[in-house]
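The values are calculated or read from the model by the stated rules, or taken from the named source; none is laboratory data. Remember, it's a predicted structure, so these values are computed and weren't measured experimentally. All Cβ positions, even for glycine, are placed from backbone atoms using ideal geometry, and neighbour counts span all protein chains on display.
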Amino acid sequence: MLNFVKSEWLKQKHSFNKVLLWLAPLITILLAFALMGGSNLQNGAYNWWYTTLLPGCFTMFCAFTAAREQKTNRHGLFGVAVQKNKLWNAQTILCTLFLFTTCMIFFIGITAGGMMLGHTITIVSSFCASILLFITFAWQIPLWMFVTEKLGAFTAILFSLLCNLGIAVVCAVKSFWWVPFAIPARLMSPTIGVLPNGLQVEAGSEMANANVILPGVLITVVLYVLVTLVTSLWFQKREV
């Protein structure tokens, strides 16, 4: 499997996907600095990051990766690979590593910004938030790869933004926060004290309750395993 993952990484050598790794976090931080000012840099950046730019960023990576392989007919490997699901799983692992990397780049960038302009979110809380975003968004990777295979990259990116912005913002502040798309936004409230609308969480608010973190993590981890398994089985049964 390691060789499959290495092969997938080599395919990214001259692609726009590698640029997305650092470009999306950089744009988020610069946008927050320009529109929110130094004192609100971290709050504003995190809000735009998990509601819009992070979902759009990793969905583009997933969609472009799957679409490119479709276009090249997987370089002839699809017809000769005995375990075709390894091709799919390698792409899923690569996109998962991409998601982790871009989350860590954002964490480093927002921490540096906080050191220069003043912290509104502690380094520990910021690190926990980045890890939680990685865990709770990862289940969508095989989902959007599958949607790309079926409906195309544009449709996958559009649906991702609608679900992660529309559904997430509405459901995260309701009792049905456990809707998978809303979990990242809901977990950010007790972790960094920022609501999906960008406002601070009030002291004593139900949104500050950290008891949602463990269930949210468990739900999304189970979904990652299930969606990866189901889409992998689907891919294995595909004909050349």
Scan region 62-113 for residues that are β-branched (Val, Ile, Thr), crowded, with 17+ Cβ neighbours inside 10 Å and at pLDDT below 90 and jot them down. THR65
Being assigned to a helix (DSSP H, G or I) and either closer than 15 Å to CYS62 by Cα or touching a His at 6+ places or on another chain (Cβ under 9 Å) (or both): is that true of THR136 here? no
Tell me, please, whether a residue that is at pLDDT 75 or above and farther than 21 Å from ILE123 by Cα can be found in region 24-31. no
Taking only region 24-51 into account, find how many residues are over 17 Å from MET188 (Cβ atoms) and without any contact (Cβ under 8 Å) to a residue 24 or more places away in the chain. 5
Test each condition in (1) in a helix (DSSP H, G or I); (2) hydrophobic (A, V, I, L, M, F, W, C); (3) more than 17 Å from the chain's Cα centre (by Cα) for PHE107 and report the one that comes out false. (3)
Which of the numbered conditions does LYS237 fail, given that it passes all the others? Conditions: (1) surrounded by fewer than 17 Cβ atoms within 10 Å (Cβ to Cβ); (2) closer than 30 Å to GLN42 by Cα. (2)
Pair list, Cβ < 9 Å and 6+ apart or interchain, from region 81-106 residues that are on the phi < 0 side of the Ramachandran plot and among the charged types (D, E, K, R) to residues that are surrounded by fewer than 19 Cβ atoms within 10 Å (Cβ to Cβ) and assigned to a loop (DSSP other than H, G, I, E, B): LYS84/LYS237; LYS84/ARG238; LYS86/MET1
What about SER232, is it outside any loop (DSSP other than H, G, I, E, B) and of a type outside the set (D, E, K, R)? yes
May I ask you to list the residues in region 187-218 that are farther than 15 Å from ILE121 by Cβ and buried (at least 17 other Cβ atoms within 10 Å of the Cβ)? PRO196, MET207, VAL212, ILE213, GLY216
Yes or no: ILE183 in contact (Cβ under 8 Å) with a residue 40 or more places away in the chain, buried (at least 18 other Cβ atoms within 10 Å of the Cβ) and β-branched (Val, Ile, Thr)? yes
Which residue, of ILE135, ILE131, is within 15 Å of the chain's Cα centre (by Cα) and either crowded, with 19+ Cβ neighbours inside 10 Å or at pLDDT below 95 (or both)? ILE135
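Quick grid of which residues meet (1) assigned to a helix (DSSP H, G or I); (2) of a type in the set (Phe, Trp, Tyr); (3) touching a residue at least 40 places away in the same chain (Cβ under 8 Å); (4) over 26 Å from PHE146 (Cβ atoms):
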| residue | (1), (2), (3), (4) |
| --- | --- |
| PHE159 | yes, yes, no, no |
| LEU165 | yes, no, yes, no |
| SER175 | no, no, no, yes |
| LEU187 | yes, no, yes, no |
| PRO196 | no, no, yes, yes |
| GLY204 | no, no, no, yes |
When both residues are 6+ apart or on different chains and their Cβ atoms are under 9 Å apart, which pairs have a first residue that lies in region 120-133 and is in contact (Cβ under 8 Å) with a residue 12 or more places away in the chain and over 14 Å from ASN47 (Cβ atoms), and a second that is in a helix (DSSP H, G or I) and hydroxyl-bearing (Ser, Thr, Tyr)? ILE123/THR111; SER125/THR191; PHE127/THR111; CYS128/THR191; LEU132/THR191
Test: LEU165 is closer than 24 Å to ALA45 by Cα, of a type in the set (A, V, I, L, M, F, W, C) and at pLDDT below 90: yes
